[in-house]
1. Give the residues of segment 36-58 that are aliphatic (A, V, I, L, M) and out of contact with any Leu (no Cβ under 6 Å at 6 or more places or on another chain), sorted by residue number.
2. Any chance segment 173-196 includes a residue that's within 16 Å of the ligand (Cβ to nearest atom), of a type in the set (S, T, N, Q) and surrounded by 23 or more Cβ atoms within 10 Å (Cβ to Cβ)?
3. Can you pull out the residues in segment 197-219 that are more than 13 Å from the ligand (Cβ to nearest atom), assigned to a loop (DSSP other than H, G, I, E, B) and touching a residue at least 40 places away in the same chain (Cβ under 8 Å)?
4. Are any residues in segment 225-242 touching a helix residue (DSSP H, G or I) at 6+ places or on another chain (Cβ under 7 Å) and either free of Cβ contacts under 8 Å to residues at least 60 places away in the same chain or farther than 20 Å from Phe123 by Cβ (or both), and if so, which ones?
5. Just to verify a result, which residue in segment 220-240, among those that are touching a strand residue (DSSP E or B) at 6+ places or on another chain (Cβ under 8 Å) and outside any loop (DSSP other than H, G, I, E, B), is nearest to the ligand (Cβ to nearest atom)?
6. Filter segment 246-261 down to the residues that are crowded, with 19+ Cβ neighbours inside 10 Å and within 16 Å of the ligand (Cβ to nearest atom) and list them by number.
7. Restricting the search to segment 26-35, which residues are out of contact with any Leu (no Cβ under 7 Å at 6 or more places or on another chain) and in contact (Cβ under 8 Å) with a residue 40 or more places away in the chain?
8. Go through segment 154-175 and give me each residue that's within 19 Å of Ala188 (Cα to Cα) and outside any helix (DSSP H, G or I).
Amino acid sequence: MSTTAFDNPFSRLPDGQTRLLGVIGHPVTHSLSPAIHNPALAWLGLNMRYLAFPVHPEHLHSAVRGFVAMGMLGFNATVPHKEALLPLMDWLDPLAQRIGAVNTVLIDPQGQLRGYNTDAPGFVDALQESHPVLLAQTPVIVLGAGGAARGVVAGLLEAGCQQITVANRTPERAAQLIADLAPHYRTAHLQSAPLQENLLPLETCHLLVNTTLLGLHGDPSLPLSPQRLPKQALVCDIVYAPPETPLLQAARQQGLATLNGLGMLLHQASRAFTLWTGQNMPVAAVRERLLGLL
Ligand code: ATR
């Protein structure tokens with residue numbers, strides 16, 4: 001490992017054997033993924049580069065064919081491509097299929113596209129790293145029923161969680177999420193609810209996860225207070241900027257444990273990194289560098 005390379009990811013210039021990785025999104029300029037992957041690649045001395053590609057939805061198919069034609073090793077996808085990538089894959093990981101979203105693609109040596117979802121296990125990795133809990137005995141409330149919620153709920157179910165309430169402004173969407181996932185996790189008890197504080201089982205909830213983007217800079221905060229949660233509850237937000245959303249601030253002030261979305265961001269990246277390189281990302285060092293940048 002080379003500290004110099006880590007400090008300066010471009011200390012070794014690309015050459016004829018450099019493999020290319022990247023992230024596609026629209027927009028994508030805000031993505032932190034290049035700042036996560038390039039230092040990690042340099043740290044491990046891997047001759048690879050990770051770039052951000054702004055891909056308009058109507059160019060998704062041609063962009064992906066181009067990546068295959070150019071011999072790229074793989075790529076991540078962010079909004080709005082995660083669902084649209086599904087039918088373009090030659091092989092789908094069963095979890096990605098269940099969630100209905102692909103965030104990591106591996107292009108194998110035959111040019112076949114293999115689609116994965118690392119958001120789901122990435123969330124659980126981040127949770128277990130910061131606050132190890134026995135998920136089988138943890139009643140959970142997930143706020144939101146969009147793409148991010150699908151990843152979080154599926155990750156929790158895969159990790160053995162048995163009791164999840166999905167609360168959403170549009171309850172039909174929460175019911176659909178449950179209808180899609182429940183058949184694969186028959187022992188789990190899943191229920192949907194409207195996003196209304198007085199209708200949620202907060203007193204018995206040990207893990208509350210906000211997957212809506214309410215609380216992002218400039219956005220209104222959630223219409224929900226953590227006051228009725230028990231004192232052993234952990235409150236998570238998938239948002240990492242600001243590092244403490246109004247929900248996390250209220251929970252902390254109440255003496256509850258909190259976790260923002262940075263760990264999930266790092267761990268979904270770490271899982272993708274391993275799929276592409278076969279190596280472990282130096283997560284602690286990458287986190288330290290990222291915190292400096294943020
Ligand atoms: P993502 O992929 O980030 O989850 P999404 O699929 O657009 O994005 O989902 C956004 C989530 O935030 C949804 O659960 C959405 O609720 P609806 O399904 O009712 O739209 C939720 N959300 C967005 N704005 C909201 C608001 N002002 N109040 C409550 N929930 C909101």
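The values are calculated or read from the model by the stated rules, or taken from the named source; none is laboratory data. Treat the numbers as computed from the prediction; the structure is a model and nothing was measured. Here the Cβ is made from the backbone with ideal geometry for all residues, glycine too, and neighbour counts use every protein chain on show.
1. Here is the first cut: in segment 36-58, the ones aliphatic (A, V, I, L, M) are 36, 40-42, 44, 46, 48, 51-52, 55.
Residues satisfying the conditions are Ile36, Ala40, Leu41, Ala42, Leu44, Leu46, Leu51, Ala52, Val55.
2. No, there is no match, as no residue in segment 173-196 is within 16 Å of the ligand (Cβ to nearest atom), of a type in the set (S, T, N, Q) and surrounded by 23 or more Cβ atoms within 10 Å (Cβ to Cβ).
3. Of the residues in segment 197-219, the ones more than 13 Å from the ligand (Cβ to nearest atom) are 198-208, 217.
Keeping just the survivors that are assigned to a loop (DSSP other than H, G, I, E, B) gives 200-201, 205-206, 217.
Passing the criteria: Leu200, Pro201, Cys205, His206.
4. Ser225, Pro226, Arg228, Leu229, Pro230, Val235, Asp237, Tyr240
5. Of everything passing the filter in segment 220-240, Asp237 is nearest to the ligand (Cβ to nearest atom).
6. Result: Leu247, Asn260, Gly261.
7. Going through segment 26-35, the residues out of contact with any Leu (no Cβ under 7 Å at 6 or more places or on another chain) turn out to be 26-31, 33.
His26, Val28, Ser31, Ser33, listed by residue number.
8. Hits for segment 154-175 are Ala159, Gly160, Cys161, Gln162, Gln163, Ile164, Thr165, Val166, Ala167.
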